[in-house]
1. Could you tell me which residue of the stretch 111-131 is surrounded by the fewest Cβ atoms within 10 Å (Cβ to Cβ), considering only residues that are of a type in the set (Gly, Ala, Ser) and on the phi < 0 side of the Ramachandran plot?
2. Name the pairs: first residue in the stretch 205-224 and closer than 10 Å to residue 338 by Cα and in the same structural domain as residue 281 (by TED's automatic domain parsing), second residue surrounded by fewer than 24 Cβ atoms within 10 Å (Cβ to Cβ) and hydroxyl-bearing (Ser, Thr, Tyr), Cβ to Cβ under 8 Å, at least 6 apart or on different chains?
3. Just one of 19, 9 is small (Gly, Ala, Ser), within 17 Å of residue 87 (Cβ to Cβ) and in contact (Cβ under 8 Å) with a residue 60 or more places away in the chain; which is it?
4. Being touching a residue at least 24 places away in the same chain (Cβ under 8 Å), crowded, with 20+ Cβ neighbours inside 10 Å and under 21 Å from the mean Cα position of the chain (by Cα) is the requirement here; does residue 251 meet it?
5. Can you tell me which residue among 175, 164, 186 is at pLDDT 95 or above, assigned by TED's automatic domain parsing to the domain that holds residue 90, farther than 29 Å from residue 312 by Cβ and not small (Gly, Ala, Ser)?
Amino acid sequence: MKRILEKASLLALSTMLVSTFAVSPAIPQMIEHFAQQGIAAAQVENLITVTSFAIMVTLLANGLVVRFLSERNIIIAGLLLMAIGGALPMFLTAYPLILLARILLGLGIGLINARAINIIGNFFTGQERVQMMGLRGSAEVLGSAGLTLLVGWLTQFGWQPAFLVYLFALVILALFVLFVPKEELLARMEVKVEENAPKVKLDKTMWMMGIYLAFLAFFVINVNTFLTIRIPQIVLAKGIGTAQQASLILSLMQVMGIVAGTVFSSLVGRLKDWLLAVSYVVFGLAVVGIAFADNLWVLGLGGMVSGFFYSIILTIVFSQVTDRVPKALLNAVMTIVLMGCNIGGATSAILPTYLEKLNPTPTGAFGIYAIGCALISAGLIYKQLKK
């Protein structure tokens, strides 16, 4: 039982990693409220996106933070910042103060972002690590979906109560403090330093691997976020369904992400090193299917397939970092990869605009993304055949 609680506590760290956009359902009410103060809708939307930039700043500053705080204290500080910064808008009405609170939330997420993944690599080995990495991905998607649903319910009481969902960070903090032994965490960190003392700096090989994995993560996140934005537009523009049905497809995409995490270790066992190439091939086909879908069933199937393999690809990327990088360099390389993740999400609404100018055909950005998937797949297949 103790081991189960420890695993659950470690997985819980991932449930709020993508909580930046959890309060999105409250945006319309916030726009209406702040309009009375003369604040534009774009500025209100900035309250959501500014958190992502704070996360990236914190990721870059991680090397400085570890000089002053232990890994355990960094995680505790991160969770406290998430709870305080996340929930403060419940009690605030002034735009500048809410903006500051959202920055605090980003700082908190940035502190635990890499550690929530790296801690799996530090605590587990072999097949158990593969299984836990898959479950970690499921926990991340489940947390995102659960918080978003809760926000949707809370908005009936106004936009401010929606921010109370961030108090869940205190529950995670309690689990971490109670069930992740301080001595065990410290011992694993000490082994990490002793075993890798000569390799304290990133060499060219580690840099290249970090950039390579960051690109794979950047691309799949950029495409998947683009799909979640465009699917509702496709449903309404083609007249093949309603807004509620489009929302159902997006929910099913998240459900498939949870399923992907639970079967990840089984897929790794069957396909081994081929799993990444196969996943990118099928993900690319799903993008094409969504682009040319002329009915709700095809669109829904494409969305579910893309959601499944999106989660598989990301889990492979994170698994490769924990498997192939010396423990002393885990935070550094994971920071590079997570920068790719954050940039992928941050540019998902901007990049397609330029891609559609580059490809002024009915397929637009979908066509460019499909070609990108094909090129990446070809490169991954070639790499496997060379082995």
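The values are calculated or read from the model by the stated rules, or taken from the named source; none is laboratory data. What you are looking at is a predicted structure, and each value in this text was computed from that prediction instead of being measured. All Cβ positions, even for glycine, are placed from backbone atoms using ideal geometry, and neighbour counts span all protein chains on display.
1. Among residues in the stretch 111-131 that are of a type in the set (Gly, Ala, Ser) and on the phi < 0 side of the Ramachandran plot, the one surrounded by the fewest Cβ atoms within 10 Å (Cβ to Cβ) is 121.
2. Here the result reads none, with nothing in the stretch 205-224 linked to a residue that is surrounded by fewer than 24 Cβ atoms within 10 Å (Cβ to Cβ) and hydroxyl-bearing (Ser, Thr, Tyr).
3. Just a single option satisfies the conditions, and that option is 19.
4. For residue 251, the condition - touching a residue at least 24 places away in the same chain (Cβ under 8 Å), crowded, with 20+ Cβ neighbours inside 10 Å and under 21 Å from the mean Cα position of the chain (by Cα) - is not met.
5. Exactly one of 175, 164, 186 is at pLDDT 95 or above, assigned by TED's automatic domain parsing to the domain that holds residue 90, farther than 29 Å from residue 312 by Cβ and not small (Gly, Ala, Ser), namely 164.
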